[in-house]
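One structure is given here, and the rest of the page talks about it.
The values are calculated or read from the model by the stated rules, or taken from the named source; none is laboratory data. Keep in mind that what you see is a predicted model, and the values were worked out from it rather than measured. Note that we place each Cβ from the backbone using ideal geometry, even for glycine, and neighbour counts take in every protein chain shown. Ligands, DNA and RNA are stripped out before the accessible areas are found, and what is left, the full protein with its side chains, is counted by its heavy atoms. Shrake-Rupley method; radii C 1.70, N 1.55, O 1.52, S 1.80 Å.
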Amino acid sequence: SEVLVVKASGTARQPITVKAANPRKAVFTRKGQAGRIDGSFVRVEGLVFDSRYGDCTCVRAAGKGIQFVDCEVRRAGTADGKSGGDGLQFFDSADCLVEKCYI
């Protein structure tokens with residue numbers, strides 16, 4: 001029920017990697033934001049984020065060289081359509097990658 005928060009930066013040659021031991025078996029789920037990346041050169045691999053239709057973006061990323069690989073982002077925003085959120089939002093970011101993800 002905790003938010004995954006990364007507030008550190010790696011380098012282009014040595015990114016910080018947050019990886020599930022078993023792809024798509026590690027799930028961050030809560031009503032609202034499930035993940036936040038505030039750093040550059042971070043690779044997130046094989047994780048699932050579920051905001052349970054909370055009233056904000058499910059995963060927000062800010063930084064350079066952020067990569068989401070083989071991840072899943074589910075139930076973003078709200079089901080009623082009155083307030084909203086995105087599944088995956090890049091804010092003030094550059095040179096990012098989303099690969100083999102289900103959003």
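Computed values, structure above
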quantity	calculated
Some residue of segment 45-56 being among the hydrophobic types (A, V, I, L, M, F, W, C) and over 10 Å from the mean Cα position of the chain (by Cα)	yes
Filter result (hydroxyl-bearing (Ser, Thr, Tyr) and surrounded by fewer than 21 Cβ atoms within 10 Å (Cβ to Cβ)) within segment 46-60	Tyr53
Single residue of segment 1-24 satisfying the filter (under 15 Å from the mean Cα position of the chain (by Cα) and among the charged types (D, E, K, R)) that is least open to solvent (accessible area, probe 1.4 Å)	Arg24
Checklist (1) in contact with a strand residue (DSSP E or B) (Cβ under 9 Å, 6 or more places away or on another chain); (2) among the hydrophobic types (A, V, I, L, M, F, W, C); (3) modelled with pLDDT of 95 or more applied to Cys58, failing item	(3)
Single condition Arg43 does not satisfy, out of (1) touching a Ser or Thr at 6+ places or on another chain (Cβ under 6 Å); (2) surrounded by fewer than 16 Cβ atoms within 10 Å (Cβ to Cβ); (3) of a type in the set (Lys, Arg)	(2)
Output for segment 27-40, where each listed residue is in a strand (DSSP E or B) and open to solvent by less than 10 Å² (accessible area, probe 1.4 Å)	Gly35, Ile37
Residue match in segment 74-87 (condition: touching a residue at least 12 places away in the same chain (Cβ under 8 Å), within 18 Å of Gly10 (Cα to Cα) and either open to solvent by less than 10 Å² (accessible area, probe 1.4 Å) or not in a loop (DSSP other than H, G, I, E, B) (or both))	no
Test result for Gly63, at positive phi and open to solvent by less than 80 Å² (accessible area, probe 1.4 Å)	yes
Residue match in segment 89-103 (condition: within 13 Å of the chain's Cα centre (by Cα), at pLDDT below 95 and buried (at least 19 other Cβ atoms within 10 Å of the Cβ))	no
